[in-house]
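A.B. asks: One structure is given below, represented as C-alpha cells, and several questions about it will come after.
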Amino acid sequence: MVDYEAVLGPEAVLDRAFAALGDSVRRAIVARLSRGEATVNELAALFPITKQAVSRHIAVLQDAGLITRSRDGQRRPCHLDPAALEALTSWIDGYRLAAESRFRRLDAVLETLTKEEER
C-alpha cells in the first residue's frame, strides 16, 4: 500500500481526493463501494457508460488513494480505503467545528441582546 501523504504531502492528497470526487460517476462508485467490495463488471452494470470508462474512473479513485484493489483468484474487487475517507472528513470537520463555534458565540450575543431588550 502506498502512503500517499508521505509521497505527495497532505495538501496534495486532499487536492487529488477532492478532484476525484468532483465527478458524479466517481461519487456513485464510492457510494456503491461503501456497501461492500465490487468488481469493475459489477460497477459497470450500474452506469450507462462503457466498462472502459468505469475502469478509468476507478483508476482516478485509486490514484487519489480513495480505493484499493485486491486479487481473489480471477476476481479483482475494488474496496474503499477508510483511512482516506477519514482524512477527508477530518479536514471538513475542522472547518465545521470552527463555524459551529462562531454560531454558538453569535447565538449567545443575540440571546443577551434579546434579554436586554425585554427589560
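The values are calculated or read from the model by the stated rules, or taken from the named source; none is laboratory data. Since the model is a prediction, treat every value here as computed from it, not as a measurement. For neighbour counting, all protein chains shown are included, and Cβ atoms are generated from backbone atoms with ideal geometry for every residue, glycine included. In case anyone asks, the SASA skips ligands and DNA or RNA and just uses the protein heavy atoms, side chains included. Shrake-Rupley method; radii C 1.70, N 1.55, O 1.52, S 1.80 Å.
A.B. asks: Any residue at all in the stretch 72-81 that is of a type in the set (D, E, K, R), modelled with pLDDT of 90 or more and outside any helix (DSSP H, G or I)?
C.D. replies: Looking through the stretch 72-81, at least one residue is of a type in the set (D, E, K, R), modelled with pLDDT of 90 or more and outside any helix (DSSP H, G or I).
A.B. asks: A further question follows. If I filter the stretch 88-115 down to residues being under 28 Å from the mean Cα position of the chain (by Cα) and hydrophobic (A, V, I, L, M, F, W, C), which single residue comes out as most open to solvent (accessible area, probe 1.4 Å)?
C.D. replies: Residue satisfying both the conditions and the ranking: 103.
A.B. asks: Additional query: Sort out which residues of the stretch 33-57 are open to solvent by 50 Å² or more (accessible area, probe 1.4 Å) and within 12 Å of residue 79 (Cβ to Cβ), and write them in order of number.
C.D. replies: 34, 35, 37
A.B. asks: Name, by its number, the condition in (1) in a helix (DSSP H, G or I); (2) at pLDDT below 85; (3) open to solvent by less than 90 Å² (accessible area, probe 1.4 Å) that does not hold for residue 7.
C.D. replies: Among (1) in a helix (DSSP H, G or I); (2) at pLDDT below 85; (3) open to solvent by less than 90 Å² (accessible area, probe 1.4 Å), the lone unmet condition for residue 7 is (3).
A.B. asks: Any idea which of 97, 106, 113, 88 is assigned to a helix (DSSP H, G or I) and in contact with a helix residue (DSSP H, G or I) (Cβ under 8 Å, 6 or more places away or on another chain)?
C.D. replies: 88
A.B. asks: Scan the stretch 59-70 and give yes if some residue there is open to solvent by 90 Å² or more (accessible area, probe 1.4 Å) and not hydrophobic (A, V, I, L, M, F, W, C), otherwise no.
C.D. replies: Within the stretch 59-70, none of the residues are open to solvent by 90 Å² or more (accessible area, probe 1.4 Å) and not hydrophobic (A, V, I, L, M, F, W, C).
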